[in-house]
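Since every read-out is calculated from the coordinates, none of them should be taken as a lab result. For clarity, every value in this text was computed on a predicted model and none was experimentally measured. Every residue, glycine among them, receives a Cβ derived from its backbone with ideal geometry; neighbour counts consider all protein chains shown.
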Amino acid sequence: MIVMALNCGSSSLKYKLISLPDKRELAGGEAQRVGPKTAEPARIIHHVKGTQKTHFVEMNNHGEAFREVMNLLSESPELIPDCLGHRMVHGGSLFRKPVIVNEDVVASLEKINHLAPIHNPPALDLVKACHEMYPDLPSCVVFDTAFHSTIPQYAYTYALPEELRNSMGIRKYGFHGTSHQFVAEEAARILDIPMGQFNAVSCHLGSGGASLAAIVNGRSVDNTMGYSPLQGLLMSTRSGDLDPAIVLLMVAQKNGDFDSVESQLNKKSGVLGLSGVSPDIRDIFALKNKKQGAVESLNHAASLYVWRVKKYLGAYLATVGKADAVIFTDTIGETMPVIRWMICADMDVFGIKIDPEKNNSQELPLVCSRDDSPVRILAIQTNEELAIAIRTYELLDKAA
Amino acid sequence: MNILIVKPGIYKLDYAFYAGSLGFPILEGICREKDGRLFREILGDILFKCRQHNNQELPDAIAVYAIHGGSQFTKLEMEGPDTYAKLKELIPSAPLEIPSIMAILESLSELAPRIPRLLLFGSSFFVDLPVRETLYGLNPELIQSRNLRRFGCHGLFHEAASRAVLKKMKGRLYPKNPRIISLSLNPVPEIAAILGRKPMMVTTGLTPLEGLPGHHTCGEIDPAIVLLLAKEKKWGPEKINDILTRQSGLSALADRTATMDHVLESGEEKYKLAREVLLYRILLACGSAVATLGGVDAFVFSGQYAGCGGILAGEILSTSFFSRLNRDHKIAIEFLEDSLDRIIAEKTCAAIRREKTQSILAAC
């Protein structure tokens, strides 16, 4: 079966064509600058059989982008997908696992658009457009929150009035679930532990968002993100954890302009806010190395970034009990040995002993713990599109 | 030594009077601000009662306690020429509390000008937290304009509790600077990680709202929820503040007034969710504290509900992670049953004695 995994950003559309069950990538690419015209022309960077081509084409919305991608694929008859797998960031409380798209599902998805107003609406528009253009092509939706639907009530409940919690759907949902599940399954396979008995803390450290997940018996029991992706770790432009009184103070300071505060906390805080230089923690470490003695703001951004991960790692390892592994993934987790080192240093009490030489290897997947480390440390390349394709294949195969 | 302690709250003033021994106060109470009574009048009544109950003797010192001392008050401070200026600087950070303290000091200077007045703050203990622990992920201009940092609030409990642990551990086979996890069990509970005497981590933040859920305070929530309430419910900051500080916490989870002892001791079904949430958040905080300290040598329980410490210690040590730690390296469990008033009285006595000794030495 050939599955086309679609990962819809606000102005981009990533796609991968994957053959399953052999997990072979046949083609892929990214439609960029989808939507209103920008300074540079819209394009599709398409790669197939080791070659990459850039096609410049106007795409007013994600539906048009999908149609152009299908046109490109149609040039090779063997690259016609049998089904589509859509990534959806938020499944709310309604969707606890992947679903096959039908009218009821679309109607339910409409109802939870407000939970992820930046991410869900374009993805849902794409689901609808695909269904209209190719009504016979089966589609599935895979949710980032679904892996976290097993978080127990005591961990997902905020200590707020029950009426508010229930009427507004206020609870911890958790995010990056597709990635956490994928790398956890990979780690369990590498360590030869059945997923149903696998205990770990997964650290998804992206160049944008970042979260940790506590995993017990292969199931998520906690995630550092909460009702929204704002809670938790220090991220590229998001503040992460904050005293609620500070938010109130900022609202008062801005004379009740909530949108401005929301924008400040989501787009101008985090690594960018603290450093004043760059939202990318890689830049901060590079600049710190260049400037002897370093600038205070760079030191603050770097130390808070690592410190938050370390504190949450300790918290989650206490929750997990006897952990088999700590997993690092996504751009920062995969490519920054220095950050893995700083996070794992002096964590012997948790059974974590990192090997400096192994940790510096660039080859993934990587086991970078010392041989005598009771908890293994791994760096694994995440592949959300492959994860989406696998879930889609499993669901359709089961349905068939 | 006779010590009067006053603790201003919102629309009230708590007081306690210790005469001679520091065992128990001979007088204590709460004065509510009624019918526009001014602090001067209330404090006049309290001083009158102190004399009545103590052979007409006035206190030797008056200790004024508040939680938030900002970066200005780093330790116990005898009222001096620059005290008011420092308090004024603090008003934007604690706009209700600090003006009350200033009014109290002014009233006392008129009513009993010769009695030394001392200021103690719950946050002072945490002034020297490592920078990484004080930081929020916001831009430096915003942080500096309002001094937005983690302050902590039950510093006096943690300081006294860690001192008690060090005293007990003296001479035993523990590191020179034991790694202490201090749990201050109060209506707003707080956990601190302390290395010897130095605080390294604390759960509450700029205000006591962040951290563990309290009797009525929400504890840690997604910051986006505050904005959601404002947008969807069209509530202003005052209304949201009221929800988060007075209508949330363990009471909201139990859907009835819930105190820590009810939640931890009763075992009743109606407190189940509150109990599970509280225990889970405590476990997470203890895990963070272990990561901070690189291990743990002792747990110490203090505060109004220190009596619940036994149950909590049992719960923590029964988890897979802590039971393994305890098996590999015996963790001491200690309790500090002293009330906040008694801790304040002791610190005040010690400060006055030190002051007197220094005066005598200076005179010699």
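Starting from the Cα of B:Lys49, step 7 Å along the direction of its Cβ; do the same at A:Asp22; then give the gap between the two resulting points in nm.
Placing both labels 7 Å beyond Cα along the Cβ direction yields 8.7 nm.
What FRET efficiency comes out for A:Asn102 versus B:Ser266 if R0 is 45 angstrom and r is the Cβ-Cβ distance? Round to the nearest 0.05.
0.40
At q = 0.33 Å⁻¹, work out log10 I(q)/I(0) for region B:285-328 with the Debye formula, treating every Cα as an identical point scatterer and leaving solvent out; two decimals please.
-1.24
Please work out the Cα center distance from region A:349-400 to region A:120-193, rounded to the nearest Å.
Rounded to whole Å, the Cα centres lie 20 Å apart.
When only alpha-carbon atoms are used, what values of Rg and Dmax, in angstrom, describe region B:174-340?
According to the Cα coordinates of region B:174-340, Rg and Dmax are 16.7, 55 Å.
In peptide A:304-311, what is the residue-averaged number of other protein chain Cβ atoms found within 10 Å of each Cβ?
For peptide A:304-311, the averaged partner shielding equals 5.
Summing +1 for each Lys or Arg and -1 for each Asp or Glu, what net charge is found among the other residues whose Cβ lies under 11 Å from the Cβ of A:Ala129?
Here the charged neighbours net out to -1.
Taking every pair of alpha-carbon atoms in region B:256-364, give the share separated by more than 23 Å as a whole percent.
In whole percent, the long-distance tail amounts to 47.
Once the convex hull of the C-alpha atoms of region A:2-143 is built, how many Å³ does it hold per residue, rounded to a whole number? Spell out each step's value before the answer.
Working: hull volume 14.6 nm³, N = 142.
Here the figure is 103 Å³ per residue.
Can you tell me, using C-alpha contacts under 8 Å and at least 6 residues apart, the relative contact order of region A:96-173 as a whole percent?
For region A:96-173, the relative contact order is 37 percent.
Using only atoms on other chains, find how many Cβ atoms lie within 10 Å of each Cβ of peptide A:144-153 and report the average.
Numbers: counts 0, 0, 0, 0, 0, 0, 0, 0, 2, 5.
That works out to 1 on average.
Can you list which of the trypsin sites (Lys or Arg not before Pro) found in region B:259-355 are DSSP loop residues with at most 15 other C-beta atoms within 10 Å?
Numbers: sites: B:Lys270, B:Lys272, B:Arg275, B:Arg281, B:Arg324, B:Arg327, B:Lys330, B:Arg342, B:Lys347, B:Arg353, B:Arg354; in loops: B:Lys330.
Listed in order of number, the matching sites are B:Lys330.
Using Cα pairs closer than 8 Å and at least 6 residues apart in sequence, work out the relative contact order for region B:70-185, in percent.
Result for region B:70-185 is 27 percent.
Working from the alpha-carbon coordinates of region B:82-161, get Rg over Rh, Rh being the Kirkwood radius.
My calculation of the ratio gives 1.04.
Which value in nm describes the separation of the simple spin-label points at A:Lys53 and A:Gln253, placed 7 Å from the Cα toward the beta carbon?
Here the modelled spin labels are 5.3 nm apart.
Considering every residue in B:278-289, what mean count of other chain Cβ atoms within 10 Å of its Cβ is obtained?
Values: counts 2, 1, 8, 4, 0, 3, 10, 4, 3, 12, 9, 4.
Mean shielding by partner chains, rounded to a whole number: 5.
Obtain the nm distance between the two label points defined at B:Tyr11 and A:Asn289 by a simple spin-label model: each point lies 7 Å from its Cα along the Cα-to-C-beta direction.
If labels sit at B:Tyr11 and A:Asn289, their model points lie 6.0 nm apart.
Give the distance, in whole Å, between the Cα centre of region B:146-182 and the Cα centre of region B:305-356.
Value for the Cα centre distance between the two parts: 9 Å.
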